[in-house]
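This report concerns only the one structure given below.
Rule-based calculations on the coordinates, nothing more; no lab input. If you're wondering where the values come from, they're calculated on a predicted model, not measured in any experiment. Glycine gets a Cβ as well: all are built from the backbone with ideal geometry, and neighbour counts include every protein chain shown.
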Amino acid sequence: MQVLYGHYKDIKQSLQEWSSMLWNKLDSDILKVGSDKFDKLRKKLANEYNGHPTYDKLSLMIKEFKDSIPLIQQLKYSQISERHWEKLMKNTGIDFELNVKSLTLENVFKLNLQNFPEMVTEICTEASNEAKNEIEISNIE
């Protein structure tokens, strides 16, 4: 049982460290590697601890984190502007003081993006298309 609590504590600490990172300095590939590592551990622990409240909480935390990674990567590599962040907040019902320079991964986690994958993809596509259009317009001018 001590092993389970130790893993829970380690994973929670990693998530807290990543959460404090500024969005503009975030390397989403590191998050992907971490989520894959956590998911392997979750599967390994399932045989012995499945059904235990701590394991269930740990498993849910890992699953939600893993499900959010592709969405975070989309947001990270899209031309997301302040307007798009505001649209994400409005559509998720989560509001926080938006300052792109001080935006952290914790703010992004609060949006519970894993519950809105289609909306995230739609907003990222919209942002990318707008950026392409702006480039085309500037080329025409």
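So, Glu106, is that one surrounded by 14 or more Cβ atoms within 10 Å (Cβ to Cβ), touching a residue at least 24 places away in the same chain (Cβ under 8 Å) and closer than 19 Å to Gly34 by Cβ or not? Outline the logic, then answer.
Working: surrounded by 14 or more Cβ atoms within 10 Å (Cβ to Cβ): yes; touching a residue at least 24 places away in the same chain (Cβ under 8 Å): yes; closer than 19 Å to Gly34 by Cβ: yes.
Yes, satisfied.
Being of a type in the set (Val, Ile, Thr) and surrounded by fewer than 15 Cβ atoms within 10 Å (Cβ to Cβ) is the filter here, so list the residues in the range 1-30 that pass it. Talk me through it step by step, then tell me what you get.
Of the range 1-30, the ones of a type in the set (Val, Ile, Thr) are 3, 11, 30.
Matches in the range 1-30: Val3, Ile30.
Could you list all residues from the range 42-97 that are free of Cβ contacts under 8 Å to residues at least 12 places away in the same chain and touching a helix residue (DSSP H, G or I) at 6+ places or on another chain (Cβ under 7 Å)?
Once the filter is applied, which keeps residues that are free of Cβ contacts under 8 Å to residues at least 12 places away in the same chain and touching a helix residue (DSSP H, G or I) at 6+ places or on another chain (Cβ under 7 Å), the range 42-97 yields only Asp95.
What's the number of the condition Ala127 fails, among (1) more than 21 Å from Ser14 (Cβ to Cβ); (2) crowded, with 16+ Cβ neighbours inside 10 Å; (3) more than 19 Å from the chain's Cα centre (by Cα)?
Of everything listed in (1) more than 21 Å from Ser14 (Cβ to Cβ); (2) crowded, with 16+ Cβ neighbours inside 10 Å; (3) more than 19 Å from the chain's Cα centre (by Cα), Ala127 misses just condition (3).
Where residues in the range 109-141 are assigned to a helix (DSSP H, G or I), of a type in the set (D, E, K, R) and without any contact (Cβ under 8 Å) to a residue 12 or more places away in the chain, which of them is farthest from Glu17 (Cα to Cα)? Step through it out loud before you land on a result.
Going residue by residue through the range 109-141, those that are assigned to a helix (DSSP H, G or I) are 109-110, 113-115, 117-140.
Still in the running and of a type in the set (D, E, K, R): 110, 118, 122, 126, 130, 132, 134, 136.
Cutting the leftovers down to without any contact (Cβ under 8 Å) to a residue 12 or more places away in the chain gives us 118, 122, 132, 134, 136.
Working: Glu118: 28, Glu122: 29, Lys132: 35, Glu134: 36, Glu136: 40 Å.
The residue in question is Glu136.
For the range 31-43, check the following and say yes or no: at least one residue is crowded, with 18+ Cβ neighbours inside 10 Å, within 15 Å of the chain's Cα centre (by Cα) and aromatic (Phe, Trp, Tyr).
yes
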